[in-house]
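Asks: Dropping the structure in here first, questions after.
Where a number appears in this text, it was derived from the coordinates with a stated rule and is not lab data. As the structure is a computational prediction, the values presented were derived from the model and not from experiment.
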Amino acid sequence: MPVWICATCANHYPDRESPPQECVICSDERQWVPSSGQRWTTAAELARGGHRSDVREVEPGLLGIGAHPPVAIGQRALVIKTPQGNLLWDPPGFLDEQAVTRVRDIGGLLAVTASHPHFYGSIVEWSHAFGAGILLPEVDAHWLTRPDPAVRTWSGSLEVLPGVTLVQCGGHFPGSAVAHWADGADGAGVLLTGDTIFVTPGEDRVTFVWSAPNRLPLPERAVREVVEAVRPYRFDRIYGGWWQPVVRTGAREILEASAGRYIEFLRGDAAVD
Ligand SMILES: [Zn+2]
Ligand SMILES: [Zn+2]
C-alpha cells in the first residue's frame, strides 16, 4: 500500500488502501484546496512524472535537497553538517535514492525537523532511512499527518547539536521555528527560517505571513515575538524555504528594519500615496 501524498502541499499520510477524505493541512485557512478538488499522489507516480531529487552544496557545511521539477509548495531541504552529526530541515514531499545516498555520503542524519507543518513533507521517510529522531514543537506536533514513534517534542529552544539551535518564534504557526547555525556564513551565523521569516525577491527585505497563499498578515504582537525570539542569536544570513531568495548579508539589520516597516503598515502609520 502506498504512502499517500497530498498533491497540493506534499505532506505524507499513512500507507492505507485509500487516501483520506481531506488533507488537514490544505483544509486549514493558511493553505488551500484546488477548486477542482483534493488530489492525491504517490512517490512512484511523482517519479514516473519525471521528478528527481536536486542536491546542491549551498555553502560549505550546508547541503540543499529539492526536487526538479519542484513538487507542490516546492521547498528545498537543508542539511547542516557538523562533526557531531547532521540535522535535516524542511524536507520536501519527494525523495529518492539519489538524495538518500548523498546524505549517507556526508554521514547520515542525527535528527530531522522543520520550520512548520507545511514543510513536514517526507520527514518520516527520512527518519526511517537513517534512524533519526523527528523533532517537532510540542504545540504543532498534532499537525504531523503521518504519526510515528520517532517523534520527540520540544518547546522554547533546543540545542540539537553544538552550535545548532532550534528557536520557537510562533507567528505563521504557534510552533513556527527557525534553526540557528552559529558556524554558518563563515562564522557570522545563519538562520534557516522556512517561512517563519519570509525572504522577499530583492533579497534586501523579509516579511511575515499568517497565510502566504491567502495573503493574510500577522498581527503586530506576533511580528514582535518573532523578532524577539531570534534577537539573542548572532546571524548575518537568512535562508528561507526555497533555493532563492536568500538574504546573504546584513540579515540582522534587515530583519529589524523590515519588522519596523511592516508594523507601520499594520498601524496605518505608513504613507501610502
Ligand atoms: Zn495538503
Ligand atoms: Zn507555510
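Asks: Could you check which residue among Ala67, Ala177, Ala44 shows the biggest mean-square fluctuation in a GNM of the chain with a 10 Å Cα cutoff?
Replies: Ala44
Asks: While we're on this one: With Kirkwood's inverse mean 1/r over C-alpha pairs for Rh, give me the Rg to Rh ratio of the range 1-99, two decimals please.
Replies: Reported Rg/Rh (Cα atoms, Kirkwood Rh): 1.02.
Asks: Take every DSSP beta bridge with both residues inside the range 135-243 and express the antiparallel ones as a percent of the total, to the nearest 5.
Replies: That works out to approximately 70 percent antiparallel.
Asks: Mind telling me which of Gln244, Gln38, Gln84 comes out most flexible in a GNM of the chain, alpha-carbon contacts under 10 Å?
Replies: Fluctuation is largest for Gln84.
Asks: What is the spread of the Cα atoms of the range 180-228 along each of their three principal axes, largest first, in whole Å?
Replies: Sorted from largest, the Cα extents of the range 180-228 read 36, 24, 16 Å.
Asks: Given the rule -39500 (n - 2.57) for each run of at least 4 DSSP H residues, summed and divided by the residues of the chain, what is its mean residue ellipticity at 222 nm, to the nearest 500 deg cm²/dmol?
Replies: That comes out to -5500 deg cm²/dmol.
Asks: Just for the chain, what percent of DSSP beta bridges are antiparallel, to the closest 5?
Replies: 75
Asks: When a/c reaches 1.5 or more, the comparison of a/b and b/c decides; with that in mind, is the range 102-194 rounded, prolate or oblate per its Cα gyration tensor?
Replies: Judged from the Cα gyration tensor, the range 102-194 comes out oblate (a/c at least 1.5, b/c at or above a/b).
Asks: Tell me the volume per residue, in Å³, of the convex hull enclosing the alpha carbons of the range 156-270.
Replies: Hull volume normalised by residue count: 98 Å³.
Asks: Right, another one. Which of these, Ala47, Ala179, Ala222, has the largest mean-square fluctuation under a Gaussian network model of the chain (Cα springs below 10 Å)?
Replies: Checking each option, the largest mean-square fluctuation is seen for Ala47.
Asks: Follow-up question, since we're still on this one. Quick one: what does P(r) look like for the chain with 10 Å bins over all Cα pairs, in whole %?
Replies: 7, 31, 37, 20, 5, 0
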